[in-house]
Amino acid sequence: MHIGSPTGWNNSGPDASRQPIGRRRRSSPSVRGPPRTANDCHRNVNPRTGPVSRNSSRTRRSACPNECPVWHSDRQPAIVKHGTKSAPQIRQRAFRGSFTVDIDIILEPDLTPEQITKLGQAAEGYGIRAIWTSNFFAHWDPFISLIPLAQSTSRILMGPLAVSPFEMHPLKIANGLLSLNEMSNGRAQIAIGAGEGNLDAMDLAKPKKIVLAIREALEIVIAAAHGNLATGYQGEIFKVNHPCAYTWLTATPPRIYMTAYRYMMMRMGGRIADGVFIGCTPPDIMAPAMENVRTGIGRRAAEPDDFRVNTFWAWHIKKDKAEAYRESRRELAWRGRKLDPELLVNWLSAEEAQFVQDNFQAYVDAYFDRSGIVKGVSDDINDRLMHGMTSTGGLEDLDREVERFKLFQKNGLTEIAVRLHDDPMDALKIIGEQVVPALR
């Protein structure tokens, strides 16, 4: 397994406990479903491998106040003592794998399947790892628009980013993902998260227990992908009442990421998912996030074979530097989890960060009028935000951005998902010809 040292900004309490997930393999669909109560701290069903005896070596005591792993800079787990008690030592994990970082591409949601196919074919030729389609509320379907690419390529991975179980039941997410996976011969992947814009557009609410709900959604999709949903699923938030054996699956199971901005979600993703997708986080503040991801991984019963850590990163490098700056300013409204002051203080004073948040509508206006002019906010403030949270500049700035990507790699990311905007083929050419080779 190879992960390294990404960040959320709100370190809340420990994530609720569930049985960790074992190695990836397809198992018999004839298994018992999960326990009837979502609060059962001894899950006796592993979504990937089926039922697990309470006395099995794959089960372990659930997390408690006396079991708190702390990760130090040397990546070794330590134990915090509470009072006179000492929590049991967690089995040490070996962090091994490739020393290179892969590049993924995230596309705009308004691209046609034909455009996606051309970009994906070119990306495959450049050695890009994956294509992600954006899941927006009134645009091309992120699953269906990938079908021509699936049918015309052989290596590149593909999937939607991101899908929320609050807009689409996890069982239907599984159906879309597994259909794409079969059509691509095992090259599909997905990122599942809480969601934002789509929920606002449809006036859909999130449950109070968001982390629990996302965990249950992951467990349903993972169980479906591994043929372990034959007796349904009874969670606190989500349920599958009918048998879903998925006997038609033949391809290697898809990789299922969980998207996260906050530490509690990162820990849960480390325990449950195949990978964690960290949102818009620069490499110089990645370490706290990775500590939480590692904590989650440390709570698994079995070491995952190939755990992945990805991040969203906006790309605004162009031949025309002025146009690159205009495009980057135009998109600032959606950076840093909507310009969260907790993140912005990494580049601005506390007063400036609050000023930006108070003028958030000006950033939204700059996006919708496509001008890139943020009225009432100085270029100095915006330039600091752009250079802190995105890759922005001309071709002469490529060396600087390659070094930034190497910092992502040093912090332990296995891949970087680069978000393209205008003229995506031009951007892909720059990345494929000058960035990808520099990271090998």
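Do we find that T153 is assigned by TED's automatic domain parsing to the domain that holds S184, modelled with pLDDT of 95 or more and touching an Asp or Glu at 6+ places or on another chain (Cβ under 7 Å) in this structure?
yes
Out of everything in the stretch 370-402 that is farther than 20 Å from D320 by Cβ and not aliphatic (A, V, I, L, M), what residue ends up being surrounded by the most Cβ atoms within 10 Å (Cβ to Cβ)?
G388
Confirm whether R329 is modelled with pLDDT of 95 or more and not hydrophobic (A, V, I, L, M, F, W, C).
Considered against the rule, which asks whether it is modelled with pLDDT of 95 or more and not hydrophobic (A, V, I, L, M, F, W, C), R329 comes out as yes.
Just the residues that are aliphatic (A, V, I, L, M) and either surrounded by 17 or more Cβ atoms within 10 Å (Cβ to Cβ) or more than 21 Å from M286 (Cα to Cα) (or both), please, taken from the stretch 403-430.
Across the stretch 403-430, the qualifying residues are L413, I416, A417, V418, L420, M425, A427, L428, I430.
Hey, among A188, A194, A201, which residue is at pLDDT below 95, closer than 26 Å to W313 by Cα and crowded, with 21+ Cβ neighbours inside 10 Å?
Selected residue: A194, the only one of A188, A194, A201 that is at pLDDT below 95, closer than 26 Å to W313 by Cα and crowded, with 21+ Cβ neighbours inside 10 Å.
Could you grab the pairs with beta carbons closer than 9 Å, sequence gap of 6+ or different chains, first residue in the stretch 161-185 and on the phi < 0 side of the Ramachandran plot, second one acidic (D, E) and surrounded by fewer than 17 Cβ atoms within 10 Å (Cβ to Cβ)?
Between residues of the stretch 161-185 that are on the phi < 0 side of the Ramachandran plot and residues that are acidic (D, E) and surrounded by fewer than 17 Cβ atoms within 10 Å (Cβ to Cβ), the close pairs are S164/E196; G176/D141.
Applying the selection to the stretch 143-159, what residues are under 14 Å from M183 (Cβ atoms) and of a type outside the set (V, I, T)?
Scanning the stretch 143-159 gives F143, S145, L146, P148, L149, A150, Q151, S152, S154, L157, M158, G159.
For the stretch 410-440, how many residues meet the condition of being over 18 Å from R308 (Cβ atoms) and assigned to a helix (DSSP H, G or I)?
14
Rundown of residues vs (1) aliphatic (A, V, I, L, M); (2) assigned by TED's automatic domain parsing to the domain that holds A427; (3) touching a Pro at 6+ places or on another chain (Cβ under 8 Å), yes/no style:
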residue: C280; (1), (2), (3): no, yes, no
residue: I297; (1), (2), (3): yes, yes, yes
residue: D305; (1), (2), (3): no, yes, no
residue: S328; (1), (2), (3): no, no, no
residue: L348; (1), (2), (3): yes, no, no
residue: E351; (1), (2), (3): no, no, no
residue: F355; (1), (2), (3): no, no, no
residue: V364; (1), (2), (3): yes, no, no
residue: I373; (1), (2), (3): yes, no, no
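Regarding I116, is this residue among the β-branched types (V, I, T) and either touching a Pro at 6+ places or on another chain (Cβ under 8 Å) or not assigned by TED's automatic domain parsing to the domain that holds V221 (or both)?
Answer is yes for this residue.
The values are calculated or read from the model by the stated rules, or taken from the named source; none is laboratory data. Just so you know, these numbers come straight off a predicted model, no measurement behind them. As a convention, Cβ positions derive from the backbone with ideal geometry for all residues, glycine included, and neighbour counts pool all protein chains shown.
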